[in-house]
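The values are calculated or read from the model by the stated rules, or taken from the named source; none is laboratory data. These numbers come from a predicted model, not from an experiment. Neighbour counts run over all protein chains shown; Cβ positions are idealised from the backbone, glycine included. We work out accessible area using only protein heavy atoms, side chains counted, and drop any ligands, DNA or RNA first. Shrake-Rupley method; radii C 1.70, N 1.55, O 1.52, S 1.80 Å.
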Amino acid sequence: MKKHIVLGVTGSISAYKSIEIVRRLIQDEFYVSVVMTKNATNLISPLTFETISHNTVYTSMFEEGSCKNVTHIKLASESDLILIAPTSYNVFGKVSAGIADDLLTSILAAAPPEKVLFAPAMNVHMYENPTMVFNRNQLLKRGYRFIEPDEGPLACGTSGRGRLKDVDSIVQEVKNNFCPALLSHKKILITAGATREYLDPIRYISNTSSGRMGFALAKACHDMGADVTLIAANSHLENPSLKCIRVETVEEMHSEVMKVYPHVDIVFMAAAVSDFKPVQIQSQKIKKTDQVLTLELKQNQDILAELGATKKHQILIGFAAESECLLERAKEKQIRKNADIMIGNDLANFSSMDGSVWIISHEHSAKLQAQSKEELATIILQTLIEQFGLLQNGS
Ligand code: CTP
């Protein structure tokens, strides 16, 4: 189920940045209800937020059609997080003093402080004003959390602390709220997609892997705070907001993987790598001169086996795609390629959206089931951390 974020928008000039916050939260599968103060509606039209959030925008306690008196209680209790971005000087003053004279401050009055995340934005003199300093300290003591503003040029022409934190960091804080940054000091390399081996200028050998598993893992690792490099072969999926290198052939993937490998802690080889390539690539299009065409193929380099053979501190996680005897074959590949862990994937899931997998290490095995590749990626990481000691030395 989607996490429900109430995004409070107050009358700071940086309120226009909240539009991008909503867009990013929606993209990251959050359900967003925007609540605007009256001052905020002077800066931005509620219709803009309504369009971006695909949801009702709340601007007053007593709106036509809303369940009148209880809107503030409903939004306070049914939400998973209340993000106020930007939070103005005025709203801090009201919350600190216990004033609830509009919908947003009433929601804050009805919600536990731990559920609230303030992202302040105001002029530097207002931010450093002793009343603001007092209010901030009071709110911290009561358990409210802050996304501290940045220093820099401010809308009023001055410069100093008071700029709303950048959108990336705010969205990351929201994600961290639900998914602790357990991988924050880890560098992770992930391969995804299906490599291609060209026969002639336009034809190639490949497979049906969509790349979704690798992309979902990359995003899940990134959300848990890891520094991720994704090497993607021929996937139609959009670049995620992390370092993504696009490749086509096994040779290109091999070369990019080897550059990154010495600098990473963990590798997920989720790509479906072509085992064979043509002995010779024809420089011109192959013509149908005979009834039968015989292709001469030779084995490609095995990237995972090479990583296994040269492994130092890295933890290697391979994927075994099998159409039968999944467990035995995954185990055999783990030993042959010197991987720490294999994730056994039934070929029935290969290009589908969801599925189940086995996780196999030298000591344990576990079967995981999920509704989507995204959910599966999160469950795989949780299981690797909790049951397979991913964050300890070795597996
Ligand atoms: N792999 C690799 N380089 C290759 C082939 C596979 O790095 N040339 C990696 C895959 O990314 C995966 C693991 O090895 O993590 C197992 O891949 P899989 O295709 O299941 O196994 P193969 O080694 O190709 O063995 P087989 O063809 O016998 O199933």
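Couple of notes before you dig in:
- Selected from Pro130, Leu384, Val228, residue furthest toward positive end of dipole (the chain; charges at beta carbon): Pro130
- Gyration tensor (Cα) of the range 241-337, equivalent ellipsoid semi-axes in angstrom: 30, 19, 12
- Counting only heavy atoms of the protein chains and using a 1.4 Å probe, Asp265 has close to 40 Å² of accessible surface.
- Proportion of all alpha-carbon pairs of the range 187-392 beyond 28 Å (%): 25 percent
- In a simple Cβ point-charge model (Lys, Arg +1; Asp, Glu -1; nothing else charged), the range 4-177 has a dipole of about 360 debye relative to its Cα centre.
- Gyration tensor (alpha-carbon) shape descriptor, the range 42-195, a/c threshold 1.5: oblate
- Normalised by the number of residues in the chain, the mean separation of alpha-carbon contacts (under 8 Å, six or more apart) gives a relative contact order of 10 percent.
- With protein chains left intact and a 1.4 Å probe, residues in the range 289-369 average 58 Å² of accessible area per residue.
- The loop-placed GluC sites (Glu not before Pro) in the range 1-60, going by DSSP, that have at most 11 neighbouring Cβ atoms within 10 Å of their Cβ come out as Glu29.
- Carbon/sulfur fraction of accessible area - the chain, other protein chains in place, 1.4 Å, %: 51 percent
- Residue-normalised accessible area of the range 40-189, given per residue in Å² at a 1.4 Å probe: 48 Å²
- Burial order of peptide ranges 212-220, 332-340 (average beta-carbon count within 10 Å, highest first): 212-220, 332-340
- Charge dipole magnitude, Cβ of K and R +1, D and E -1 - the chain, Cα centre, debye nearest 20: 400 debye
- When the trypsin sites (Lys or Arg not before Pro) in the range 1-63 are filtered for DSSP coil states and for at most 15 other beta-carbon atoms within 10 Å of their beta-carbon, the remaining sites are Lys2.
- The packing ranking, built from the mean of other Cβ atoms within 10 Å per residue, places the peptides 232-244, 117-129 in the order 117-129, 232-244, highest first.
- Placing unit charges on the Cβ atoms only, positive for Lys and Arg and negative for Asp and Glu, gives the range 187-392 a dipole magnitude near 420 debye about its Cα centre.
- Pair-distance distribution of the range 1-123: all C-alpha pairs, bin width 5 Å, starting at 0; shares per bin in whole percent are 2, 12, 24, 27, 22, 11, 2, 0.
- Simple label model, 7 Å out from Cα along Cβ direction - Asn137 to Lys311, nm: 5.4 nm
- Each 10 Å bin from zero up to the one holding the largest Cα-Cα distance in the chain carries the following percent of pairs: 5, 20, 24, 18, 16, 11, 4, 1, 0.
- In this structure, the amide hydrogen of Gly193, modeled 1.01 Å from its nitrogen in the peptide plane, lies closer than 5 angstrom to those of Gly211, Gly214, Ala233, Ala272, counting only residues at least 5 positions away or on a different chain.
- Separation of alpha-carbon centers, the range 291-349 and the range 112-175, rounded to whole Å: 49 Å
- Summed over qualifying helices (DSSP H, 4 residues or more, each -39500 (n - 2.57)) and divided by its residue number, the chain shows a 222 nm mean residue ellipticity of -10000 deg cm²/dmol.
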